[in-house]
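These notes concern the structure reproduced below.
The values are calculated or read from the model by the stated rules, or taken from the named source; none is laboratory data. The model shown is predicted, which means the values in this text are computed figures rather than measured ones. Here the Cβ is made from the backbone with ideal geometry for all residues, glycine too, and neighbour counts use every protein chain on show. Ligands, DNA and RNA are stripped out before the accessible areas are found, and what is left, the full protein with its side chains, is counted by its heavy atoms. Shrake-Rupley method; radii C 1.70, N 1.55, O 1.52, S 1.80 Å.
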Amino acid sequence: MELAYYSDYAVRLVNSEEPARGKDTLTSVEAVRDLFGGNSSAARRATEADVTRFRSVRGRLRAVFEAADGGDETLAVDLLNSLLLEFPVSPQISGHDFRDDDGRPLWHMHLADHPSNATAGYAAIAAMGLAFHLTEYGVDRLGLCEASPCRNAYLDTSTNRSRRYCSDRCATRANVAAYRARKRLEADRSQKTGLAADSAQRAAAKSER
């Protein structure tokens, strides 16, 4: 499993809530287990108590994205470091996939967690994955969607650091909104220009009298 994969844990958890829309899908132990994706063994450890604990970690991870999105690199790093200290992991070399037909292992780094509960395990992996992404690509690669009122978290992996939205859907919606705003502005300007021209014509007509 590539280390970059683990950063998706943070994004999935943060985006389980959309504060501006009043939406929160993290309301049951089943929702907690769904966040683990294919990691079924870790998901089975989740209990009802993890719902509240997951929400707490979610708020702290969102704060990392908010600090990064706001340009406060030091705060983002400090917040992430506090999570790393509280939820440690043990890096291990794993080879459960195979490189070729000879059966040689495909060695890669794996983050082994030793949690007391499901939240601790998930938080450890999410924080470490986010830390790897941050140090590899930069703090400015952690963003919040600019398509109001979305504000979902995303990881910018574009070559020119140009990503501004969490999804193609939000990008399309934002572009349509911007287009309509431009059209309204053009219509207002045209109307004002027309009114000004009418006023000028009336003034000229009066002066000719």
Inset, instruction - Considering each of Ala76, Ala46, Ala20 in turn, give the residue that is in a loop (DSSP other than H, G, I, E, B), in contact (Cβ under 8 Å) with a residue 40 or more places away in the chain and either at negative phi or in contact with a helix residue (DSSP H, G or I) (Cβ under 8 Å, 6 or more places away or on another chain) (or both). - result: Ala46
Inset, instruction - Could you list, in sequence order, all residues of the stretch 23-75 that are crowded, with 17+ Cβ neighbours inside 10 Å and of a type in the set (Asp, Glu)? - result: Asp50, Glu66, Asp69
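Return the only residue of Val57, Val32 being over 25 Å from Asp78 (Cα atoms), not in a loop (DSSP other than H, G, I, E, B) and not acidic (Asp, Glu).
Val32
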Inset, instruction - Write out, first by first residue and then by second, each pair whose Cβ atoms fall under 6 Å of each other, whose residues are 6+ apart or on separate chains, and whose first residue, in the stretch 138-154, is touching a residue at least 24 places away in the same chain (Cβ under 8 Å) and under 22 Å from Asp24 (Cβ atoms) while the second is acidic (Asp, Glu) and open to solvent by 10 Å² or more (accessible area, probe 1.4 Å). - result: Gly143/Asp69; Leu144/Asp69
Inset, instruction - Write out, first by first residue and then by second, each pair whose Cβ atoms fall under 9 Å of each other, whose residues are 6+ apart or on separate chains, and whose first residue, in the stretch 155-166, is assigned to a loop (DSSP other than H, G, I, E, B) while the second is polar (S, T, N, Q). - result: Asp156/Ser162; Arg163/Thr157; Tyr165/Asn152; Tyr165/Thr172; Cys166/Asn15; Cys166/Asn152
Inset, instruction - Please specify each residue of the stretch 1-17 satisfying the condition of being loosely packed, with under 15 Cβ neighbours inside 10 Å and in a helix (DSSP H, G or I). - result: Ala4, Tyr5
Legend entry - Lone unmet requirement of (1) assigned to a loop (DSSP other than H, G, I, E, B); (2) touching a helix residue (DSSP H, G or I) at 6+ places or on another chain (Cβ under 7 Å) for Leu130: (1)
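Considering Ser7, Ser94, which residue is farther than 19 Å from Tyr154 by Cα and in contact with a His (Cβ under 7 Å, 6 or more places away or on another chain)?
Ser94
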Legend entry - From the options Arg161, Arg141, residue that is touching a His at 6+ places or on another chain (Cβ under 9 Å) and of a type in the set (D, E, K, R): Arg141
Legend entry - The listed residue being at pLDDT 70 or above and within 22 Å of Ser16 (Cα to Cα), out of Leu155, Leu185: Leu155
